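Below is one structure; the comments refer to it alone.
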Amino acid sequence: MIDLDALLATHATEDIVISAVTAAELFHGVERLSGVSRVRAEAFVESVVALLPTMAFDLDIARTHAVLAADLRSRGVAVGAHDLIIAATAVSLDYGVATRDLRSYPKITGVPIVRW
């Protein structure tokens, strides 16, 4: 699970937001669980979305998405649709992506990666 306190402390001087798509992926993860695991995960996800501003997919991000998608296609590189939307959100806002996914995001041009 994400050590949110450590991530926030390390980047205390930076604005930190969550993509609406990231929130959706977290909520989806909760929905797939049951019992105590679900209760713990749901509490964690709710604390994250309560703490961090959520960035919606808007027209500016859509334009960035189009540029990134075209670049990937021209290079014959594929990444997941959600990863590309999250990356477009970050690039559009000039933010990095905090992730453990070192397969997809390094393929996307211009995405600073914050590994946690």
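Every number in this text was worked out from the coordinates using simple rules, so none of it is lab data. This structure is a prediction, so every number in the text was calculated from the model and none was measured. Using ideal geometry, Cβ is built from the backbone for each residue, glycine included, and neighbour counts are taken over all protein chains shown.
Result for the chain in a Gaussian network model with C-alpha springs under 10 Å: among Thr64, Thr13, Thr99, the largest mean-square fluctuation is at Thr13.
Only sites in a loop by DSSP and with at most 15 other Cβ atoms within 10 Å count here; which trypsin sites (Lys or Arg not before Pro) in region 1-55 make the cut? Mind showing how you got there, number by number?
On the way: sites: Arg32, Arg38, Arg40; in loops: Arg32.
Hits after loop and neighbour filter: Arg32.
Residues considered: Val77, Val97, Val36. Largest GNM mean-square fluctuation over the chain, using C-alpha springs under 10 Å, is found at Val36.
Using only DSSP helix segments of four residues or longer, with each worth -39500 (n - 2.57), what per-residue ellipticity at 222 nm results for the chain after dividing by its residue count and rounding to 500? Kindly include the intermediate steps, with their values, before the conclusion.
Working: 5 runs with 65 residues, N = 116.
Value at 222 nm, helices only: -18000 deg cm²/dmol.
Reducing region 45-74 and region 89-110 to their Cα centroids gives an inter-centroid distance of 10 Å.
The Cα atoms of region 4-115 cover 46, 33, 26 Å along the three principal axes, with the biggest extent listed first.
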